Amino acid sequence: MKKHAWLNLALIVLVAALALFAYYKPQKKDQELRLSTLKPADAKTVKIEIAGTPPVELERSGADWLVTAPVKARADAIQAQRILEILEATAKDSFPPQGLARYDLNEPPVKLTINQQSFAFGAVNDMSREQYVLTQGNVYPLSVRFGAMVPKSVYQVVSKQLFAPDEAPVAFKFDTFSVAQMDGKWQLAPAGGDLSADDFTRWADEWRLVSALGVLPQTNRKPVSTIEVTLKNGQKITVNVVTREPQLVLQRSDRPFEYQMSGEQGKRLLAPPSAPPAPAPQPAPQK
């Protein structure tokens, strides 16, 4: 076989080998860049700095989170977990920290610090709808949802529950009636209606588990009525009813907050326990 024929055959074999290699070569996936090696379960402290407002600080206490500044309160568990989601964020690109002004990161309006790692939030790219975040010496374009999860006020991260999980009310004294647990049984005074144990439990549980739509700083508005609540540990709390309609607004005597709830929920909470309404009669089947 002539020399040029061997060369042609070799080229054919090489092309076939390259084609097979390209066909079976694993497809390279887009590289994802993690912003942090810290895991949410390892987070101990959180600090939120919003331009023009006092820093908000949180601290983990066992399985719970506490707000330690600028007020002291239990933190909303769901809100705390949302803040920590940035620890698992990934980006497809990163940029060196040069010319930070074009990213609005020279004086970032929002800064989040988890343990010792800080995340500075800058401008939003109108085309990609991504926000520039500076951390660990690099700028990353991230989904705007991470910035949206950072509370803009301490009242957004304060727990919305009126009673803590370890606070069990055992007596309520309203202006016109009272409900108290005696020897393990709930009693209404003055007595009214034929109520079952389930009726009392349902009413008491709604109070124990009540969660506000929103929490705001306490005002000096004069309450329209008061409720004296006794907890299982003997502690007595005064709950002020600030407004009944269109929203129910409550204050606790030992907290500097107002809890806003729906007017419909307020009607149930401020009324004595009652039996559920009887089901509407079903129409007779037509013959």
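The values are calculated or read from the model by the stated rules, or taken from the named source; none is laboratory data. All figures in this text were calculated on a predicted structure; none of them were measured in a lab. No Cβ is skipped: glycine too gets one built from the backbone with ideal geometry, and neighbour counts run over all protein chains shown. Areas reflect the complete protein model, heavy atoms only, side chains present, ligands, DNA and RNA absent. Shrake-Rupley method; radii C 1.70, N 1.55, O 1.52, S 1.80 Å.
Quick look at the values:
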item	result
Hits in the stretch 161-174 - residues which are at pLDDT 95 or above and either assigned to a helix (DSSP H, G or I) or open to solvent by 50 Å² or more (accessible area, probe 1.4 Å) (or both)	Q161, K173
Any hit, the stretch 132-151, residues being loosely packed, with under 14 Cβ neighbours inside 10 Å and either within 18 Å of P55 (Cβ to Cβ) or of a type in the set (D, E) (or both)	no
Pick from the stretch 104-125, criterion at pLDDT below 95 and among the polar types (S, T, N, Q), ranking: most open to solvent (accessible area, probe 1.4 Å)	N106
Some residue of the stretch 191-198 being of a type in the set (D, E) and not in a helix (DSSP H, G or I)	yes
Count of the stretch 200-212 residues which are closer than 20 Å to S159 by Cα and in contact with a helix residue (DSSP H, G or I) (Cβ under 9 Å, 6 or more places away or on another chain)	3
Output for the stretch 78-94, where each listed residue is under 20 Å from V157 (Cα atoms) and either among the polar types (S, T, N, Q) or surrounded by 13 or more Cβ atoms within 10 Å (Cβ to Cβ) (or both)	Q79, A80, Q81, R82, I83, L84, I86, L87
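Per-residue answers, yes or no, for (1) open to solvent by less than 30 Å² (accessible area, probe 1.4 Å); (2) touching a Leu at 6+ places or on another chain (Cβ under 6 Å); (3) assigned to a strand (DSSP E or B):
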position: K222; (1), (2), (3): no, no, no
position: T226; (1), (2), (3): no, no, yes
position: N233; (1), (2), (3): no, no, no
position: I237; (1), (2), (3): yes, no, yes
